[in-house]
Amino acid sequence: MAEFKTNPEILQPENVVYKRTELLTDKALSYCPGCGHGTAHRIIMEVIEEMGIQAETIGVAPVGCSVLAYEFMDIDIQQAAHGRAPAVATAIKRLFPDKFVFTYQGDGDLAAIGTAETIHACNRGENMTIFFINNGIYGMTGGQMAPTTLPGMKSSTSPYGRDVKTMGNPLKMTELVATLPGTLYVTRQAVHTASAVRKAKRAVRKAFENQKLNKGLSFVEIVSNCNSGWKMNPLQSNEWMVENMFPFYPIGDIKVNDDK
Amino acid sequence: MKELRLMKGNEAFAEACIRAGADGYFGYPITPQSEVMEYLMAQKTQERTGMVTLQAESEIAAINMVYGGAGCGKRVLTSSSSPGMSLKQEGISYIAGSELPCLLLNVVRGGPGLGTIQPSQSDYFQSTKGGGHGDYRLIVLAPSSVQEMADFAGLGFELAFKYRNPVLVLSDGAIGQMMEKVELDIQKPRFTDEDIRKNTPWATIGKTPDRDHNVITSLDLESIKMEQHNHKLQEKYRLIEENEVRYEKIACEDAEYAFVAYGTSARICQKAIELARAEGIKVGLMRPITLFPFPKKVVKEMTDRVKGILCVEMSAGQMIEDVQLAVEGRVKVEHFGRYGGIVHSPSEIVEALKKQIIGG
Amino acid sequence: MAKNRGEIVVDTERCKGCEVCIPACPEDVIAMAKQVNRKGYHYAMPTNDLCTGCTNCAVVCPDGAITVYRKKFND
């Protein structure tokens, strides 16, 4: 492979068009190579930086792979018990109505043990944002089946594939919360390609801006991959995600600034 | 100037919390304590002092709302009754582990399981030995009057912030539901953002350029650090045991026997003392006000003079273990108590004293 | 005719060799180095000078390891 020589004329500070946001700490991300969590963290922090609201934002991290989000996000943040982030965030937002409050949760956290907290925070129309990273599996604990695991999809607790007869169908939390008048903006995004990331970032921005309107909860699902859980390399997992997850979890806005 | 009122225990507690400058209440209905939330809602606390009152979808959600508010340095509380308190134990462990101040009220009812809605004292172990997972303790205050239900709201918040620890007011269905005269404090202001920045600089109210970001968590995957954190918690509990013991002694000067009882049982023992002394039996009462820290030294000193101790609890006997630990076998210690929701009578207690302690 | 030319700088210690940036680049600039970083990951590196500074690679990088430069040249 030809040895590439850098061009000092280009490598000038004034020519920087993209660099890592300062709102991510220096700590190396604990996520597996190619995992969408890192990208999701990054665009959320980029939006907070671009909106200049670092001093006005309080985050709530879950239990799951992103339990350590508080080590990576340079904002005031609380780590909630498994599934309870929407309740924790509800109190923070009620006590500080002018602050920007968000939860960052995985599918096990939000759609299994935290189902009630998710539905009721949405039903109360809390003026906050929920970021829901859906990779169809429990990553942190080693790849168990989640409520979002697809029919026939293997995991350490559905080793022969999820059997709908005995283990039920995957739970579409995003469509479910969209039926609640308390949700103002409900969308499903992805972060596996540059264009998907750009769209997702616009959704993140909209979700934060919505908090100024005081007209309900913004719910942003990000369908993501899980390389170690799905036992694939990152590029394969992104392809598998497009072929298998997207048909069941279609990407796109479900409800845009409509509180009916 | 303090205000005099005739109020139910639950309502006096709620009113006292508003006056103590509470910022947020997060609750869920359960007999026999639903009046706390009903009263706060009727008071329109948001308009009155800016205090948030919110009914959650479960006791679990409510305690996690308390966690969120406490992590922001606010005075926050929840109230429930036995089964509801069981649901809150994980959240309470998180709050203790993250060293957050908050106020909890348990208006105890008969158990186990769905039990009954009648009063009981069978949550002593859960309250004082750490009802959730991990080595932690709650400061536990045991009111035996409507006045103390009110007083322990303000005291509770004070101790919670002094030690950055949950404080539990352990009441019961009788005290929660009875009406008595109560003197109420004047309104104390709620915390401003400036108070929070100054008094609780660890609170998550938004990372300003002048400081690193604040993180509220009870997690540490590095065992060395986790052990150090636990040592720090144990040191806190040692300090609490050293400085915060509260109790009351009644008719103990010449007592040859003693009751040890708290809450409703302590009230009834005072009548039992009258009946017993009318029969020439010199008995007194030691009433622990703090169940943690338990008044060990006081109980131990009593054994220099009394020949026997009857622990009177509306349970199968839980506090008796702490009394036995303090007495170290020097004198006879026995338990008496009706439970399952039944409240013992003064004469039953006198009979038990005669049969189990004096007669023995 | 003015032409944008760009360049990327990869934080080789932060890169985990996930290769997600490779298909994201419209000019096939990026490949994995033979060398590995401290954690044993082959890290991404530019292999030609066709980069236009479009930032696709940086936008899709889960670890935020890529800094992108762009300059307009009037050839």
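The values are calculated or read from the model by the stated rules, or taken from the named source; none is laboratory data. Here the structure is a predicted model, which is why all the values come from computation and not from measurement. Ideal geometry is used to build each Cβ from the backbone, glycine not excepted, and the neighbour counts take in all protein chains shown. The area values use the complete protein model at the heavy-atom level, side chains included, leaving out ligands, DNA and RNA. Shrake-Rupley method; radii C 1.70, N 1.55, O 1.52, S 1.80 Å.
Each row is one residue, and each column tells you yes or no for (1) within 19 Å of the chain's Cα centre (by Cα); (2) at the interface with chain C (Cβ under 9 Å from one of its Cβ atoms); (3) on the phi > 0 side of the Ramachandran plot.
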residue	(1), (2), (3)
A:Gln12	no, yes, no
A:Thr25	yes, no, no
A:His41	yes, yes, no
A:Glu50	yes, no, no
A:Val60	yes, no, no
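Of the strands (runs of 3 or more DSSP E) lying entirely inside the stretch C:1-70, those carrying at least 1 residues that are within 24 Å of A:Lys27 (Cβ to Cβ) and in contact with a His (Cβ under 7 Å, 6 or more places away or on another chain) are C:30-36.
Against the conditions (1) within 14 Å of chain C (Cβ to nearest Cβ); (2) surrounded by 24 or more Cβ atoms within 10 Å (Cβ to Cβ); (3) assigned to a loop (DSSP other than H, G, I, E, B), A:Asn7 satisfies every one except (2). Looking across the stretch A:162-207, just one residue is in contact with a helix residue (DSSP H, G or I) (Cβ under 6 Å, 6 or more places away or on another chain), over 18 Å from A:Ile119 (Cα atoms) and away from chain C (no Cβ under 14 Å), and that is A:Arg205. Sort out which residues of the stretch B:103-161 are within 20 Å of B:Val312 (Cα to Cα), assigned to a helix (DSSP H, G or I) and of a type in the set (Gly, Ala, Ser), and write them in order of number. Answer for the stretch B:103-161, where residues must be within 20 Å of B:Val312 (Cα to Cα), assigned to a helix (DSSP H, G or I) and of a type in the set (Gly, Ala, Ser): just B:Ser127.
Output the residues belonging to the stretch A:16-50 that are in contact (Cβ under 8 Å) with a residue 60 or more places away in the chain and of a type in the set (A, V, I, L, M). Selection gives A:Ala40, A:Ile43, A:Ile44, A:Val47, A:Ile48. The residue of the stretch C:42-74 that is farthest from the other protein chains (Cβ to nearest Cβ), among those that are of a type in the set (A, V, I, L, M) and within 14 Å of A:Leu11 (Cβ to Cβ), is C:Ile66. Counting only helices (runs of 4 or more DSSP H) that sit completely within the stretch A:157-260, those holding 2 or more residues that are crowded, with 21+ Cβ neighbours inside 10 Å correspond to A:173-178, A:194-210, A:227-230, A:234-240. Meeting the requirement of 2 or more residues that are in contact with a Phe, Trp or Tyr (Cβ under 8 Å, 6 or more places away or on another chain), the strands (runs of 3 or more DSSP E) wholly within the stretch B:280-360 are B:283-288, B:290-292, B:308-312.
Answer yes or no: is there a residue in the stretch B:131-138 that is of a type outside the set (Gly, Ala, Ser) and under 23 Å from B:Ala12 (Cβ atoms). For the stretch B:131-138, residues of a type outside the set (Gly, Ala, Ser) and under 23 Å from B:Ala12 (Cβ atoms): present.
For the stretch A:82-122, taking the residues that are open to solvent by 20 Å² or more (accessible area, probe 1.4 Å) and small (Gly, Ala, Ser), the one that is nearest to the other protein chains (Cβ to nearest Cβ) is identified as A:Ala116.
Suppose we keep only residues that are open to solvent by less than 50 Å² (accessible area, probe 1.4 Å) and more than 20 Å from the chain's Cα centre (by Cα) within the stretch B:157-201. Which one would you say is nearest to B:Gly341 (Cα to Cα)? Restricting to residues being open to solvent by less than 50 Å² (accessible area, probe 1.4 Å) and more than 20 Å from the chain's Cα centre (by Cα), the top hit is B:Phe191. Against the conditions (1) part of a helix (DSSP H, G or I); (2) in contact with a strand residue (DSSP E or B) (Cβ under 9 Å, 6 or more places away or on another chain); (3) open to solvent by less than 60 Å² (accessible area, probe 1.4 Å), A:Ala146 satisfies every one except (1). Considering every residue within the stretch A:68-83, establish whether at least one is assigned to a helix (DSSP H, G or I), in contact with a strand residue (DSSP E or B) (Cβ under 7 Å, 6 or more places away or on another chain), within 22 Å of C:Val20 (Cα to Cα) and at pLDDT 95 or above. Checked the stretch A:68-83: at least one residue is assigned to a helix (DSSP H, G or I), in contact with a strand residue (DSSP E or B) (Cβ under 7 Å, 6 or more places away or on another chain), within 22 Å of C:Val20 (Cα to Cα) and at pLDDT 95 or above.
State which residue is most open to solvent (accessible area, probe 1.4 Å) when the search covers only the stretch B:71-96 and only residues that are free of Cβ contacts under 8 Å to residues at least 60 places away in the same chain and not polar (S, T, N, Q). Restricting to residues being free of Cβ contacts under 8 Å to residues at least 60 places away in the same chain and not polar (S, T, N, Q), the top hit is B:Leu87.
The numbered conditions (1) in contact (Cβ under 8 Å) with a residue 40 or more places away in the chain; (2) open to solvent by less than 10 Å² (accessible area, probe 1.4 Å); (3) small (Gly, Ala, Ser) are all true for A:Gly139 except (2). One residue is enough: does the stretch B:1-17 have a residue meeting the conditions within 13 Å of another protein chain (Cβ to nearest Cβ), open to solvent by less than 10 Å² (accessible area, probe 1.4 Å) and not polar (S, T, N, Q)? The answer is no, given that none of the residues of the stretch B:1-17 is within 13 Å of another protein chain (Cβ to nearest Cβ), open to solvent by less than 10 Å² (accessible area, probe 1.4 Å) and not polar (S, T, N, Q). Test A:Gly125 against the stated conditions and say whether it is touching a residue at least 24 places away in the same chain (Cβ under 8 Å), open to solvent by less than 50 Å² (accessible area, probe 1.4 Å) and small (Gly, Ala, Ser). Yes; evaluated as a whole, the condition is true for this residue.
Among residues of the stretch A:51-69 that are without any contact (Cβ under 8 Å) to a residue 40 or more places away in the chain, those with a Cβ under 6 angstrom from a residue that is open to solvent by 30 Å² or more (accessible area, probe 1.4 Å), sequence gap 6+ or separate chain, pair up as A:Ala55/B:Thr208; A:Leu68/A:Ser30.
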